[in-house]
1. How large is the accessible surface per residue of the chain, computed with a 1.4 Å probe and reported in Å² as a whole number?
2. Rounded to the nearest 0.05, what FRET efficiency is calculated for VAL159 and GLN74 with R0 set to 22 Å and r the Cβ-Cβ distance?
3. Using the Cα centre of the chain as origin and beta-carbon charges of +1 (Lys, Arg) and -1 (Asp, Glu), tell me which of ILE130, LEU155, HIS79 is placed farthest towards the positive end of the dipole.
4. Count the lysine pairs in the range 30-140 whose Cα atoms sit under 23 Å apart, keeping only pairs 8 or more residues apart in sequence or on different chains.
5. Can you give me the distance in nm between label points at ALA43 and LYS135, each placed 7 Å from the Cα along the Cα-to-Cβ direction?
6. Of the options PRO35, MET66, GLY55, report the single residue whose Cα projects farthest towards the positive end of the charge dipole of the range 24-82 (beta-carbon charges: Lys, Arg +1; Asp, Glu -1).
7. For MET1 and ILE60, what is the calculated FRET efficiency with R₀ set at 35 Å and r taken between the beta-carbons, to the nearest 0.05?
8. Treat each spin label as a single point 7 Å out from the Cα along the C-beta direction, and report the ASP116 to TYR85 distance in nm.
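The values are calculated or read from the model by the stated rules, or taken from the named source; none is laboratory data. If you're wondering where the values come from, they're calculated on a predicted model, not measured in any experiment. Glycine also receives a Cβ, built like all others from the backbone with ideal geometry; neighbour counts cover every protein chain displayed. Ligands, DNA and RNA are stripped out before the accessible areas are found, and what is left, the full protein with its side chains, is counted by its heavy atoms. Shrake-Rupley method; radii C 1.70, N 1.55, O 1.52, S 1.80 Å.
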Amino acid sequence: MNKVIFLDRDGVLNVERGAYTFQPEDFIVVDGIVPVLNELKRAGYLLIVITNQAGIRRGIYTTEQMHGCHQKFQEASDHLIDAFYYAPGHPDYSASLSRKPGSLLFEKAIAKFNIDPGLSWMIGDKERDILPAKKLGIRTILVSGQRLSVADHQLTEVVDIPKIVLGNMPIIDNPES
């Protein structure tokens, strides 16, 4: 079975702007994330993005524009990402099990890539990124200044991700513990 690092997109791979990011020129890669992903890839992890993209359903941008942003990241990272899974729905229009905090996209990736959830991680910047992973037995890292007790580990900088995942530093459990 394979091990994977699941990644949220906005706020983890690219800078969270507080608005939909769908133009490649607005898609700014987070400082330090590419070397982090290179290190995790060398350690044998698949890298899979799980992202909500409600702006598609709301008519703000197109699937092609979203793919343009993903292509920009692939070019900036020498094509490190193994797969992008996205949920284009929006709760104002219809319910979706694919949207985080739903777990359907995780389940699809687990089946397709023969993933062992117990060897895998989810890295997100919001509670909705963490909840579906926890449900499936995937360890979690919240990268945010926000303190949430739901994540297994919390960091403020993406550059510290390998220290937790690869065990290069003492693991500091949830700050609520």
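1. 47
2. The formula returns an efficiency of 0.60 here.
3. ILE130
4. Step by step, the pairs that qualify in the range 30-140 add up to 16.
5. Output for this residue pair reads 2.7 nm.
6. Toward the positive end, the furthest listed residue is GLY55.
7. 0.35
8. 1.9
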